[in-house]
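Below is one structure, written out as structure tokens; the observations come after it.
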Amino acid sequence: MKYAYYPGCAGKGATPELHQSTMKVVNGLGIEVHELDAFNCCGAGVISEADPDLAYTLNARTLATAEALHLDIMTVCGTCQGVLGGINKKLQKDKSLRKRINLGLQKSTGLTYNGTVKVKHIQWILVKDFGLEALKPFISNPLTDVSIAPFYGCYILRPESATGFDDWENPQSLEKLIKTMGAYPVEYDGRTKCCGFPVFLEKEKIATELVANRVGSAKKAGADAMVTPCPLCHMGLDIYQKDAEKIHQKKEGLSHTLDMPVLHLPQLLGLAMGYSPESLGMKHHLMPTAPLIQKIH
């Protein structure tokens, strides 16, 4: 089992602990990855708004690089999955579009994309390619008595044509993974809704309210922590949580803090596989993870 690894921007930039924990987990599971040495930002949907052809060309470069290696792509970012996966599906289905984009791609890079690559988030790989039954023997430290709130976010589920590995209205892949790790998946409102991160630059107050709603709902449902497959969701829920806490307290008429650890999916799996919190980059979080780690151990 081998993939072309696409860390995206956040995976090795704003959230280096995601890359760190991903490498720990895939190595432990025996999943071979070849990190792409020629890739660029997927555009996070922003470039597509201003210049669709540029977005197609940039992502076609990444796809063509993986295609030259005869490998499918493994992503670790829900946003990258949605954007890169969505553009891939369009290039595969529309031959005239692919031909037009290839003209610019060939001129600028010498590469050509023939539409043979699949884009798979590590969440998809764990559930469908590797398999939950095959994963069970690697769980040496079951997360018993720990309640985890799964947070899918937007892009890993929408549009369904770009992902297609889970039900976008009622997904269960994260819940299945949480159960396989020995933990209890918490049911709460907001697990498939926007975290607020894409809104911060334009409407910070609204975005902070979204964070308050998501984390507050998970807290009320009894979660010890949240887990997300998207580093942008992680940043929104982790970085802005203290500001969101004030909104939550005012709305609910409460004085208690949220103090909700937000983990990347590979970090949670790494803990269940018995890896140390240090080796998984748990100290990079703004919201303290020590209470969760203490409960696990």
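See the values below:
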item	result
Residue check for L97: touching a residue at least 40 places away in the same chain (Cβ under 8 Å), part of a helix (DSSP H, G or I) and hydrophobic (A, V, I, L, M, F, W, C)	yes
Conditions (1) part of a helix (DSSP H, G or I); (2) open to solvent by 40 Å² or more (accessible area, probe 1.4 Å); (3) within 30 Å of I296 (Cβ to Cβ): number failed by P142	(1)
Residue in the stretch 32-43 that is among the aliphatic types (A, V, I, L, M), modelled with pLDDT under 95, open to solvent by 10 Å² or more (accessible area, probe 1.4 Å) and within 15 Å of the chain's Cα centre (by Cα) present	no
Unmet requirement for Y56, which otherwise passes all of (1) assigned to a helix (DSSP H, G or I); (2) in contact (Cβ under 8 Å) with a residue 12 or more places away in the chain; (3) on the phi > 0 side of the Ramachandran plot	(3)
Residue ID - modelled with the lowest pLDDT, chosen from residues in the stretch 243-297 that are polar (S, T, N, Q) and part of a helix (DSSP H, G or I)	Q249
Tally, over the stretch 1-25, of residues that are open to solvent by 10 Å² or more (accessible area, probe 1.4 Å), assigned to a helix (DSSP H, G or I) and under 20 Å from L71 (Cα atoms)	2
Residue selected from the stretch 52-71 under the condition under 22 Å from R158 (Cβ atoms) and not small (G, A, S), by the criterion most open to solvent (accessible area, probe 1.4 Å)	P52
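The values are calculated or read from the model by the stated rules, or taken from the named source; none is laboratory data. Everything numeric in this text was worked out from a predicted model, so none of it was measured. Quick reminder, even Gly has a Cβ in these numbers, built from the backbone with ideal geometry, and neighbours come from all protein chains shown. These accessible areas exclude ligands, DNA and RNA; they are computed on the full protein's heavy atoms, side chains included. Shrake-Rupley method; radii C 1.70, N 1.55, O 1.52, S 1.80 Å.
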